[in-house]
Every structure is written in C-alpha cells, then in structure tokens.
Amino acid sequence: MIHITKKENMVLNKIKYFQTEYDDGVPYNILKLDLELSEMELKDILKILEDKKVISHVDNRVKVCAVDEINVLESKAEVRQEELDDMEKKAFEIITELAGERGYVSRHSLEGHMLYGELNLNTQKTYNLIISLENKGLIKRVQLSDGEYYSLN
C-alpha cells in the first residue's frame, strides 16, 4: 500500500483527469496553470509521487502509473509514521510517552530506555533506530541549556 497526503492526492487526481485528454502524458505547464500551488510545491509533490512510483515524469510530461492501493492521510507526518516498521513504531511510542506534554526527552534517558528498557537493543541498533526516526522527521535533536534532548516533530 502506498501512503500519500491530501495535497499529493489532489495533484494525482488532476493528472488522472487530464490524462484522458493527453495520451502521451499531461504537460507540466497544464498542471501548473490549473493547480493553485507554487511551482516549487508542485515540483516537490511530483518528485514525491515519482519516488513512490505513482507517476512517471519525463520530458515535462506526467503520466499515472498502475498503482494497486493508495491510502490518503492528512499530513506528511502521518505518512511517515504509517511507513514505520514495527521496531520504529514501538520506539516512537516509547519516545512519545517519555516526552509527555513537555515534548522533550533527554538524550541519555532515551538511549537508556532503548538499551535497557522494553526493547533491550544493543548500542548499534539504538543508534540506527534514533537516526532512522530523525531522518523520517519524527524526532529532532535539540540543544537546551541543561543538555541534549530529542523533541517530537
């Protein structure tokens, strides 16, 4: 299953609509004129859809690829969270619980919970898991006056 945001779905639906008129692909300029998005935002969305193999974008022409199932979610954060594996989901739940209402968890506390808590990971797996969650934009390392923390995004 492929997960996309509402904006990505809006662009995809426009491409599907115009594709009936343009057999060799919808010209980029037609999309740009019809959609009320900035050029940068449209290019970003097309790149995301292309990376997910929902569309092909060649020579300023866009075509919809055959896709089995698409799940439309509210935001990019929900899409990223939906694409987590089981270990990442469990780790993110633990981080969310540790962060509480404040939204921060100390780096040492987080690493301790990953190493010696419920997940009982080794040092390398802990590091990889934290980096993976950072790369997916779910947590972010921040420096506060009393040390290093991770914040929820």
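The values are calculated or read from the model by the stated rules, or taken from the named source; none is laboratory data. What you see is a predicted model; the values in this text were computed from it and never measured. Note that each Cβ is placed from the backbone with ideal geometry, even for glycine, and that neighbours are counted across all protein chains shown. For accessibility, only protein heavy atoms count, side chains too; no ligands or nucleic acids. Shrake-Rupley method; radii C 1.70, N 1.55, O 1.52, S 1.80 Å.
DSSP loop GluC sites (Glu not before Pro) in region 61-120 with at most 15 other Cβ atoms within 10 Å of their Cβ, which ones?
Those that pass, being in a loop and sparsely packed, are E69, E74, E83, E101, E118.
Answer with a single label: of (i) 40, 16, 12; (ii) 41, 20, 13; (iii) 65, 15, 11, which was calculated as semi-axes √(5λ) of the Cα gyration tensor in Å from the structure in view?
(i)
Which angle between 0 and 90 degrees, to the nearest 10, do you get for helix 86-99 versus the longest principal axis of the chain when only C-alpha atoms count?
60 degrees
Given a cut-off of 16 Å, what percent of all Cα-Cα pairs of region 84-152 lie beyond it?
Every Cα pair in region 84-152 considered, those over 16 Å come to 40 percent.
Would you tell me the accessible area of M87, worked out with a 1.4 angstrom probe on the heavy atoms of the protein chains, in Å² to the nearest 10?
Approximately 80 Å² of M87 is accessible to the 1.4 Å probe.
If you average the sequence gap of Cα pairs under 8 Å that are 6 or more apart and divide by the length of region 61-145, what percent do you get for the contact order?
Computed value for region 61-145: 26 percent relative contact order.
Among the aspartates and glutamates, which have Cα under 17 Å from the Cα of K47 when same-chain residues fewer than 8 positions away are ignored?
E8, E39, D59
With axes computed from alpha carbons, what is the tilt in degrees of helix 123-135 against the longest principal axis of the chain, rounded to the nearest 10 within 0 to 90?
Taking Cα atoms only, the helix is inclined about 40 degrees.
Roll a 1.4 Å probe over the protein chains and send me the accessible area per residue for the chain in Å².
That works out to 62 Å² per residue.
Rounded to the nearest 5, what % of DSSP beta bridges with both residues in the chain are antiparallel?
If I count the DSSP bridges inside the chain, around 80 percent turn out antiparallel.
With every protein chain left in place and a probe of 1.4 Å, what is the accessible surface of K125, to the nearest 10 Å²?
The accessible area comes out at roughly 120 Å².
At 1.4 Å probe size, with the rest of the protein present, what percent of the exposed accessible area of the chain is carbon and sulfur atoms?
Answer for the chain: carbon and sulfur cover 47 percent of the accessible area.
Given labels modelled 7 Å from the Cα in the Cβ direction, how far is it in nm from K47 to N128?
Taking the two extended label points, one gets 2.8 nm.
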